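Following: one structure in structure tokens, then a few remarks.
None of the figures in this text is laboratory data; all of them are computed from the coordinates on show. Fair warning: this is a prediction, and the values are worked out from it, not measured in the lab. In this analysis, Cβ positions are derived from the backbone assuming ideal geometry, glycine residues included, and neighbour counts consider all displayed protein chains.
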Amino acid sequence: MKKTGAQIFVESLVAEGVDTIFCYPGGATLYITDALSDCDIRQIVVRHEQGAVHASDGYARASGKVGVSLVTSGPGATNTVTGIATAYMDSIPIVIFSCQVNTALIGNDAFQEADIVGITRPCTKHNYLVKDVKDLARIIKEAFHIARSGRPGPVLVDIPKDVSASLTEFKYPDKIHIRSYQPTYFGHPGQIQRAMRQIASSKRPVLFTGGGIILSGASNELTKFAEALSIPVTNTLMGLGGFPGNHQLFLGMLGMHGTYAANMAITESDLVIAMGARFDDRATGKIDEFAPHAKVIHVDIDPTSISKNIKVDIPIVGDTKNVLHKMLDILAEDKESFKGFQASIHEWLKKITKWKKDFPLTYQKNGGLKPQYVIERIYELTKGKAIITTEVGQNQMWTAQFYKFLKPRTMLTSGGLGTMGFGFPAAIGAQTAFPRSLVIDIAGDGSIQMNIQELATAVQHRLPVKVVILNNGYLGMVRQWQEFFYEKRYTWTCLPHPDFVKVAEAYGAAGYRIDKEKDVDKVLKEAFRNNQPTFIDVHVDPMECVYPMVPAGASLKEMLLV
Amino acid sequence: MRHIISVLVENEFGVLSRISGLFSGRGFNIESLCVAETLDPTISTMTIVTTGDDAIIEQILKQLNKLINVIKVIDFRDTDYISREMVLVKVNAEEKTREEILRMVEIFRGRIIDVSQKTYTIMITGDEEKLRAFLALVRPLGIKDLVRTGPVAMARGDRTIKMKEKQPKGGNEDG
Ligand SMILES: Cc1ncc(C[n+]2csc(CCOP(=O)(O)OP(=O)(O)O)c2C)c(N)n1
Ligand SMILES: [Mg+2]
């Protein structure tokens, strides 16, 4: 029996095991929208297409499954671009379906036509325009495969309206074959051996791990490996949760707002073992002075990440989980070679312990209510069990510093692109994937207004997301730079904001306000118990800054401390 | 350093812009780019001339390989190869220089493919050096117009480009 493109679309999604999509309708989606009306896929209609993509991204980050969104042509499609670029920079597996004007109209500047395949080419892992309904099922299959395999990433599929209406025989392909795409999963055994020999002869090793550990589900292996050899671990922002934040061997995050111990350990290390991290400038500081005494081992599934920013001594292309497995095997077989290593590592750990003790993350407790305190309390009250999303700015950095992420996929943040407005829709996506979990967006007063309309979505679908707004009345991170580097001229950064409690109530959500330290626990507890979407407007010290700070372009050891 | 790369790609709509977008987006140079179908009509070859130090060339090769539609990237750096380019050049050809031009074209094994009252249009193929030498000779006569194809390249001897598909490699020495 022949089926329409729209029916094929729905059945293909079902075949892929998709349970939820984030969507917004328009003229070009109508056949598909109609076909979706009687199926089991949960459809979360958002209020802005950027929100749909971030929500699918949050769903993917929290669950590890591919997130899916569906939007209309033209403005619907262009509204997705920031969301797609966000997922691309952080290697998040999502598939975005955009609808397109009729095939015959493409290229004619038709009403609501945009060349979305052209627009998103540099910010997708791959994209497709479906020109013939006969290709639809295969393309959907490929899109999901490409999104989730290798180094994951967003894939966009553009479906013209007439294609969604055309008829063809449907069979969802059970095999996939893309002759030009074969990611490398297993590291070269010789290289892994070399790396292990290098580790055995090192005296001051550091594991430097990123989002790749989380994407490949390697966090147990990483922990075992670090423990087996007592190697200290630092994470990039994207790597948080990949290694337990309360672990003795954990140094905290490194980089521009990294801990003293992490940045010093890198600076004095003789061997950096990078895994699933891409040496982003926010993590490395001045690249020429990054780990100046160290050899570098770099494990990454994406060969382009290796030796891109920094010269690598031992490159290993492969999935971090597989490579760590192999390393653990080698370790189990050959304890002998690591005897000397075990004897010397204690000197190094002693030094690190001293750095941790002398320069812990801290903040001045005088003045108003401190945002860092609020985050410490959120950690204590949730026992580190919540799923946390963040916006971008000081709120994000304080969260990275003061919330201890114990498990992978509990810190969802826009690392590479730094997209304000990400956290709230991402929290909605995460809540959809885990209806019973406590999902908290730690936000700023600026960022929350970039996708605040999604409160209507959360209310409609009874998604009890909590938004803790660290309200400093400023675009705080930019203000901080102005304070340090532009003679305290706060141009553009002091913006009036609405009464967030009233906003919440107007949307039919719950709103709380906190001004004093003594109310923090009581109100947070109550808000976290509330089963409605909730805004908690916390008025914090407006002038608080994020420390330590490595000024842009400086080396990691040049930290401004509190 | 100047560098020739051949890229085998799926002969599909949009692939050229993926490649050119990669170069412009990442600030890599393209000196020339030459595209056409191969023996297998589902595959095209792109011959790209680029410049950069070793680290940049390595990134270019890896980034090209990463594109989903790229089947194979051939780096002629480590291979003995031949490359040829074609140039069409229209030069002033007056009574007293016509003889001389004909002789030069002869020596360079070129051909005159169009003639007017005042000009010759010459076609020359060869490697870069040869074309450079020829153009230097005719430049004093006055070049009215010039187009070049950009080079295409092939390995010397029996070696051929195998249509082997990308294999999941175990990584190699240089990642
Ligand atoms: C979409 C977007 N626009 C601009 C920026 C630049 N930017 C980075 S942090 C920041 C301030 C964020 O203010 P707020 O959300 O109040 O957070 P705070 O730093 O005060 O915690 C801005 C404007 C950005 N990251 N994203
Ligand atoms: Mg703020």
For peptide A:447-458, how many partner chain Cβ atoms fall within 10 Å of a residue's Cβ, on average?
0
With +1 on the Cβ of every Lys and Arg and -1 on the Cβ of every Asp and Glu, the dipole magnitude of chain A about its Cα centre, in debye rounded to the nearest 20, is 1340 debye
Per-residue ³J(HN,Hα) for segment A:311-317, Karplus 6.51 cos²θ - 1.76 cosθ + 1.60, θ = phi - 60°, Hz, x for Gly and Pro:
6, 9, 7, 10, x, 9, 8
Name the long-range amide H neighbours of A:Arg513: under 5 Å, sequence gap of 5 or more, or other chain; modelled H, no Pro or chain starts.
A:Asp537
The answer for B:His3, listing residues at least 5 apart or on another chain whose modeled amide H is closer than 5 Å to its amide H, is B:Thr50
How far apart, in nanometres, would the label points at B:Ile112 and B:Lys96 be if each is projected 7 angstrom from Cα along the Cα-to-Cβ direction?
1.8 nm
Please compute the net charge surrounding A:Tyr363, taking Lys and Arg as +1 and Asp and Glu as -1 over other residues with Cβ under 15 Å from its Cβ.
-1
Largest to smallest principal axis extent of the C-alpha atoms in segment B:79-167, angstrom
61, 20, 18
Share of Cα-Cα pairs in segment B:38-117 lying beyond 15 Å, as whole percent
73 percent
Note, segment B:2-16: 3J(HN,Hα) by Karplus (6.51, -1.76, 1.60, θ = phi - 60°), whole Hz, Gly/Pro = x, goes 7, 8, 10, 10, 9, 10, 8, 10, 4, 7, 10, 4, x, 5, 4
Estimated [θ] at 222 nm from DSSP helical runs (n ≥ 4, -39500 (n - 2.57)) normalised by residues in the protein assembly as shown, nearest 500
-10000 deg cm²/dmol
Could you tally the net charge around A:Lys171, taking each other residue with its Cβ under 12 Å from the Cβ of A:Lys171, Lys/Arg +1 and Asp/Glu -1?
+3
Estimated D of chain A in µm² per second, where Rh is the Kirkwood radius over Cα pairs and Stokes-Einstein applies at 25 °C, 0.890 mPa s:
100 µm²/s
What share of Cα pairs, in percent, lie more than 16 angstrom apart in segment A:79-142?
50 percent
Hey, got a sec? Which trypsin sites (Lys or Arg not before Pro) in segment B:23-77 land in a DSSP loop and have at most 16 other Cβ atoms within 10 Å?
B:Arg26
Please work out the Cα center distance from segment A:163-195 to segment A:37-102, rounded to the nearest Å.
22 Å
Kirkwood estimate for segment A:391-479, i.e. one over the average of 1/r between Cα atoms, Å
13.2 Å
Expected sort for A:546-553, A:7-14 on mean C-beta neighbours within 10 Å, highest first, is A:7-14, A:546-553
Reported to two decimal places, what Rg/Rh ratio describes chain B when computed on Cα atoms with Rh from the Kirkwood expression?
1.06
The computed P(r) of segment A:159-216 puts the percent of Cα pairs beyond 16 Å at 75 percent
Could you state the per residue volume, in Å³, of the convex hull enclosing the Cα atoms of segment A:235-386?
146 Å³
Nitroxide proxy distance, nm - points 7 Å out along Cα→Cβ at A:Asp38 and A:Glu487:
7.2 nm
Under a Cβ-only charge scheme (Lys and Arg +1, Asp and Glu -1), can you give me the dipole magnitude of chain B about the Cα centre, in debye to the nearest 20?
220 debye
Please average, across the residues of A:294-306, the number of beta carbons from any other chain that are within 10 Å of each residue's own beta carbon, and give a whole number.
3
Distance (nanometres) between label positions extended 7 Å along Cα→Cβ at A:Lys525 and A:Arg179
6.7 nm
Listed here are the pairs A:Lys404/B:Lys66; A:Lys65/A:Lys175; A:Lys370/A:Lys522; A:Lys141/A:Lys385; A:Lys2/A:Lys125; A:Lys224/A:Lys339; which of them are more than 24 Å apart at the Cα?
A:Lys404/B:Lys66; A:Lys141/A:Lys385; A:Lys2/A:Lys125
Between segment A:197-271 and segment A:1-25, what is the C-alpha centre distance in whole Å?
42 Å
Please work out the Cα center distance from segment A:433-457 to segment A:351-428, rounded to the nearest Å.
16 Å
Given charges at Cβ of Lys, Arg, Asp, Glu: segment A:366-500 dipole, positive-most of A:Phe405, A:Thr390, A:Leu455
A:Phe405
Cα shape, segment A:127-177, gyration tensor, a/c 1.5 rule:
oblate
Once amide H atoms are built 1.01 Å from N in the peptide plane, which residues 5 or more positions from A:Leu406, or in another chain, come under 5 Å H to H?
A:Gly245
Extension gain (nm, one decimal) between A:His497 and A:Gln342, 0.36 nm per residue minus Cα-Cα
50.2 nm
Residue by residue through segment A:45-52, the couplings from Karplus 6.51 cos²θ - 1.76 cosθ + 1.60 with θ = phi - 60°, in Hz, x for Gly and Pro, are 7, 8, 10, 7, 5, 4, x, 4
Per its Cα gyration tensor (rounded if a/c is under 1.5, else prolate when a/b beats b/c, else oblate), segment A:1-158 is best filed as rounded
If you take each beta carbon of peptide A:313-319 and count the beta carbons of other chains within 10 angstrom, what is the mean?
3
Among A:Asn79, A:Gly64, A:Ala104, the residue whose Cα sits farthest towards the positive end of the charge dipole of segment A:40-111, when +1 is placed on the Cβ of each Lys and Arg and -1 on the Cβ of each Asp and Glu, is A:Gly64
May I ask you to order A:185-194, A:63-72, A:90-99 by the average number of other C-beta atoms within 10 Å around their residues, highest value first?
A:90-99, A:63-72, A:185-194
Selection from A:Val272, A:Val323, A:Leu240, by position along the positive dipole direction of segment A:230-325 (Cβ)
A:Leu240
Could you pull out which residues in segment A:47-73 have an amide N less than 20 Å from a spot 7 Å beyond the Cα of B:Ser17, following the Cα-Cβ vector?
A:71-73
GluC sites (Glu not before Pro) restricted to DSSP loop in segment A:399-498 with at most 12 other C-beta within 10 Å:
A:Glu487
